[in-house]
Amino acid sequence: PRISHFINVLLYALTCVLLFFVLSGLLRNYHIIFPLLITGLFIAHPLHTEVVNNLKCRDELLNFLGCLLSLSFYLKYAERGKTRHLFLGLLFFIIAVLSKRNALIFLMIVPLTIYYFKETNWKRIAIPFLSIFIVLIILNIVKKKCTY
C-alpha cells in the first residue's frame, strides 16, 4: 500500500502543478497570486484529499490529469493553430475518457473555455469540439461492438 499511496500523491501533485499552469495561462491579466490561491483551495479541499487517500480512486486522478492536459493542449491549439496540439489534446482526452466516463463533461468545457478566454475565430473553437465529439462516437461504436 505504501507504493500505491506514493503514486497517488505523485499523480495528485502533478495534477495540482498542471492546474496552476493552466489557470495562470487563462488568468494572465490577474496577479499570479490569484491562480495560486485557486490551486491552494483545490489542494486543501477535503474532497480532493480523499481521492489521494483511497487506493481505488486512481481512475479519478488519471481522469482529471487527462482532462487538464487535454484542455491545456486545446488552448495551445486555439492560440497557435498547430495540429500537433490538436492531436495531443485529443490523445489526452481519450486517456481521460478511458479512465473514467465523467470526462465527457469536457465536451462542453473545452469550447466554452476557448470562447471565453481566448480571442480566436470560430473554427478554432469548433474543431476541438468536433474532434472530441467524433472520438466519443467512435468510442461508443467500439464499445457496442465489443459487448456483442
Here the qualifying pairs (Cβ atoms under 9 Å; residues six or more apart or on different chains; first in region 90-111 and more than 9 Å from C67 (Cα to Cα); second among the acidic types (D, E) and open to solvent by 20 Å² or more (accessible area, probe 1.4 Å)) come out as S99/D59; S99/E60; K100/D59; K100/E60; N102/E60
Scanning region 56-96 for residues that are in contact with a His (Cβ under 7 Å, 6 or more places away or on another chain) and either among the charged types (D, E, K, R) or surrounded by fewer than 17 Cβ atoms within 10 Å (Cβ to Cβ) (or both) gives K76
Give me the residue from region 102-145 that is over 18 Å from the mean Cα position of the chain (by Cα) and among the β-branched types (V, I, T) and, out of that set, surrounded by the most Cβ atoms within 10 Å (Cβ to Cβ).
T120
Report, by residue number, each residue of region 98-124 that is at pLDDT 85 or above, under 21 Å from K82 (Cβ atoms) and part of a helix (DSSP H, G or I).
F106, V110, P111, T113, I114, Y115, F117
Quick count over region 74-97, residues being part of a helix (DSSP H, G or I) and either touching a strand residue (DSSP E or B) at 6+ places or on another chain (Cβ under 8 Å) or basic (K, R) (or both), is 3
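The values are calculated or read from the model by the stated rules, or taken from the named source; none is laboratory data. No experiment lies behind these values; they were computed from the predicted model shown. Cβ: placed from backbone, ideal geometry, glycine included. Neighbour counts: every protein chain shown. Heads up: the accessible areas ignore ligands, DNA and RNA and are worked out on the full protein's heavy atoms, side chains in. Shrake-Rupley method; radii C 1.70, N 1.55, O 1.52, S 1.80 Å.
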